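Visitor: Take a look at the following structure, please.
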Amino acid sequence: MAEKDHLILTAVGPDQVGLVEKLSEFISSHGCNIEDSKMAVFCGEFAVILLITGEPGSLFKIANDYRALEVQTALTISIKTPSKRKTAESYLPYRLTASCMDHPGIVYQLSGVLSALDVNIESMETKTYAAPDSGTPIFRLEANISVPAKVNINALRERFYEIQRQENIDVELAPINFSPRTL
């Protein structure tokens, strides 16, 4: 099977029923596939990022035709060809979770630790919700990260432990196991 090319489509706009159907129909009608996606609604605004695969000619047509989709959906759409990623270094996949009473600067502090050690955030989701008993705003972060093999995991854990003590943030760091499961 021939390797497919990629295109990234991002879109933001007023949420409405049927947006995912319209986006996927547009991509499918051009002979392309949605390989990966993230979607959410924030305060009535729909946001999506899609990794599209297909033949180069089909992707070119998507890049030329997306303005019609903007008119049809009222979304602001951006198209980008992904850059080639450097893979010279070996990485270890880890899962980072953090939770605490919500306050400004949590993502900044945690991402600063990661950045200082050349750890890449592959995906991240944050959410603020009310604690069941008190209604206190609770912040939760979940991220998949790529830790360079040269990084001492215990040193990374120690940096997070310092933040835990100073800011009262519960932080967990665990390796992601990609081995197949048996039923």
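The values are calculated or read from the model by the stated rules, or taken from the named source; none is laboratory data. Nothing here was measured: the structure is a model prediction, and the numbers come from that model. Cβ atoms come from the backbone with ideal geometry, glycine included; neighbour counts cover every protein chain shown.
Visitor: Please verify whether Lys61 is more than 17 Å from the chain's Cα centre (by Cα) and either modelled with pLDDT of 95 or more or surrounded by 11 or more Cβ atoms within 10 Å (Cβ to Cβ) (or both), treating the condition exactly as stated.
Guide: The answer is yes for Lys61.
Visitor: Taking the range 130-148 on its own, how many of its residues are hydrophobic (A, V, I, L, M, F, W, C), at pLDDT 95 or above and loosely packed, with under 15 Cβ neighbours inside 10 Å?
Guide: Of the residues in the range 130-148, 1 are hydrophobic (A, V, I, L, M, F, W, C), at pLDDT 95 or above and loosely packed, with under 15 Cβ neighbours inside 10 Å.
Visitor: OK, next. Go through (1) over 30 Å from Ile153 (Cβ atoms); (2) at pLDDT 95 or above; (3) more than 20 Å from the chain's Cα centre (by Cα); (4) of a type outside the set (Ser, Thr, Tyr) for Met101 and report which single condition fails.
Guide: (1)
Visitor: Pick from the range 31-87 the residues that are among the charged types (D, E, K, R) and assigned to a strand (DSSP E or B): which of them is nearest to Val20 (Cα to Cα)?
Guide: Lys38
Visitor: Scan the range 1-53 residue by residue and report those that are without any contact (Cβ under 8 Å) to a residue 12 or more places away in the chain and among the β-branched types (Val, Ile, Thr).
Guide: Across the range 1-53, the qualifying residue is only Val17.
Visitor: Restricting the search to the range 162-183, which residues are over 20 Å from Ile138 (Cβ atoms) and either surrounded by 12 or more Cβ atoms within 10 Å (Cβ to Cβ) or modelled with pLDDT of 90 or more (or both)?
Guide: As a first pass, look at the range 162-183 and keep what is over 20 Å from Ile138 (Cβ atoms): 162, 174-183.
Selection gives Glu162, Ala174, Pro175, Ile176.
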